[in-house]
Amino acid sequence: MDDQIVDEDDTNSCVVNIYPLRGNYFGSKDAILPKHHIYFDQLQKLKSIYSTNGMRVCVEAVMLVELFKQPHLLVLQMRNSFFKLPGGRLRLGESEIEGLKRKLSNKLSVNGNGVDDNWEVGECLGTWWRSDFETSLCPFLPPHMKSPKECLKLFLVRFPMNKSFVVPKNQKLLVLPLFQVHDNFKTYGQIVSEVPSFLSRFSFNMNNV
């Protein structure tokens, strides 16, 4: 666990330090066309990856920021309708931490070709599994699931201060209040809408610096 992200006091309650949104720069870069426009293409890609490399492993970042004295979640909006956390698929043999740093650098930095080591990755908040090629993700591994096709892990990442965030023009970088995201599956989807529940064991320390 990264002690710059989460501190534990004598009562074993966890505190997440959250810093204000101001001081960061937000811009755009050339658009990146989606690799798969329809669900069938996504399904075929997942089957191809599994046949070659086995189970696909994806990592995504939960980054919190203070805005209007409330904790907000950093979310990417794709094609004006689909919401996801920053991250993506690991390369074969790549560690979860280094892979997440690479994905964050690629998706949120000016130059996506290098890896920014300033990302502070903390503890794993939750894990989801996909049992076959067509079912949705499940937040636990059922006994009958002998060969899962995909694993998704969420990691707590400290929102950096005084950093430039640059995303493709066809994507939007949003900060959403946790109360708006909570249990709002219809708007934000399965993973994003469950993030507040995974954060319920933490208390938030708003650092107004």
Asn205 versus Ser81: modelled label distance in nm, points set 7 Å from Cα along the beta carbon direction: 4.4 nm
Dipole-positive endmost among Gly189, Ala31, Val157 within the chain (Cβ charges, Cα centre): Ala31
Residue-by-residue Karplus 3J(HN,Hα) for segment 175-188, coefficients 6.51, -1.76, 1.60, Hz, glycine and proline x: 10, 10, x, 4, 5, 6, 7, 3, 6, 9, 4, 4, 8, 9
FRET efficiency for Thr52 and Met161, using Cβ-Cβ distance with R0 set to 41 Å, rounded to 0.05: 0.50
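Over the chain, what is the relative contact order in whole percent, taking alpha-carbon pairs under 8 Å and six or more residues apart?
33 percent
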Of all accessible heavy-atom area on segment 23-205, the percent that carbon and sulfur account for (1.4 Å): 53 percent
Gaussian network model of the chain, Cα within-10 Å springs - most flexible of Leu104, Leu90, Leu43: Leu43
FRET efficiency estimate (nearest 0.05) - Cβ-Cβ, Leu21 to Lys45, R0 25 angstrom: 0.10
Accessible area, probe 1.4 Å, largest first, for residues Lys172, Lys186, Lys69: Lys186, Lys69, Lys172
Gained length - Phe179 relative to Cys138, 0.36 nm times residue gap less alpha-carbon distance: 12.5 nm
Among Tyr50, Tyr188, Tyr19: highest mean-square fluctuation, GNM of the chain, C-alpha pairs under 10 Å: Tyr50
Full-extension gain in nm, Ser197 to Ala31, via 0.36 nm per residue minus C-alpha separation: 56.5 nm
Out-of-range pairs (alpha-carbon distance over 20 Å; input Lys103/Lys172; Lys69/Lys103; Lys84/Lys107): Lys69/Lys103
Distance histogram in 5 Å bins (all Cα pairs of the chain, percent per bin): 1, 7, 14, 19, 21, 18, 11, 6, 3, 1, 0
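Quick one: length gained pulling Asp117 to Lys169 fully straight, 0.36 nm per residue minus the C-alpha distance?
16.3 nm
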Heavy-atom accessible area per residue - the chain, 1.4 Å, Å²: 54 Å²
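The values are calculated or read from the model by the stated rules, or taken from the named source; none is laboratory data. The structure presented is a predicted model; accordingly, all values stated were derived computationally and were not measured. Cβ atoms come from the backbone with ideal geometry, glycine included; neighbour counts cover every protein chain shown. We work out accessible area using only protein heavy atoms, side chains counted, and drop any ligands, DNA or RNA first. Shrake-Rupley method; radii C 1.70, N 1.55, O 1.52, S 1.80 Å.
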